[in-house]
Amino acid sequence: MESPLQFARANVERIVAAELPRSVRAKALAELIRSLRSYRWVGIYEVGTESVSAIAWSGPDAPAYPVFPITGGLTSAAIRERKAIIVGDVRTDPRYLTALGNTRSEMIVPVLDSGGNRVIGTIDVESEFANAFSEEHAAECEEFARLALPLWTLPSSTE
């Protein structure tokens, strides 16, 4: 019998390979990640040369900033360091850029290009509870980012 994590891995690959618009596949990815651990909110973002843009999200509301400068928020640290950033209480971190008003902890996982040199996207996970994320959560989302890489790299006929 397959574990929830094995099920999620297989579904990430199916979602990414589906013949659907990119935004629909990104929403399905966000919903899958959100459901795996009952996360409150998950966003899938595109990282451009100057800005970061939401492709899709799953949760109670749209992000307060669907587009923001590449230098903004915790995302800028994940891009700069090319590794997952976990903040246990965003109220104590001046880098935090509010997405939802009652967020207490956030995890930003970068999506690296195939060479691992450049961040081309992010997976943003938020919780209304402090200290909601662990290194294990980050490792899972990093694996999902690797499996979902074609969502960012393959041309899509329909956005």
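The values are calculated or read from the model by the stated rules, or taken from the named source; none is laboratory data. Predicted, not measured: the structure shown is a model, and the values here were computed from it. Areas reflect the complete protein model, heavy atoms only, side chains present, ligands, DNA and RNA absent. Shrake-Rupley method; radii C 1.70, N 1.55, O 1.52, S 1.80 Å.
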Kirkwood hydrodynamic radius (Cα pairs, Å) of region 1-113?
14.9 Å
Running a GNM on the chain with Cα contacts under 10 Å, which residue among Ala99, Ala145, Ala17 ends up with the highest mean-square fluctuation?
Ala17
Report relative contact order for the chain in percent, whole number only (criteria: Cα-Cα under 8 Å, sequence separation at least 6).
24 percent
Semi-axes (Å, rounded, descending) of the ellipsoid equivalent to region 70-130 per its C-alpha gyration tensor are 22, 11, 9
Under-5 Å amide H pairs with Ile55, H placed in peptide plane, nonlocal only:
Ile44, Tyr45, Glu46
Accessible area (Å², per residue) of region 1-116, counting only protein heavy atoms and a probe of 1.4 Å:
50 Å²
Provide Rg and Dmax in Å for region 1-56, with only Cα atoms included in the calculation.
12.6, 45
Phi-derived 3J(HN,Hα) across region 83-96 with the Karplus relation (6.51, -1.76, 1.60, θ = phi - 60°), rounded Hz, x for Gly and Pro, is 8, 5, 10, 10, 10, x, 9, 5, 5, 9, 10, x, 6, 5
Given H placed on each backbone N at 1.01 Å, which residues far from Phe129 in sequence or on other chains put an amide H within less than 5 Å of it?
Arg104, Ser105
By the DSSP-based rule, helices of the chain that are at least 15 Å long along the axis (C-alpha) and have a mean Kyte score of at least 0.0 are 4-17, 22-36
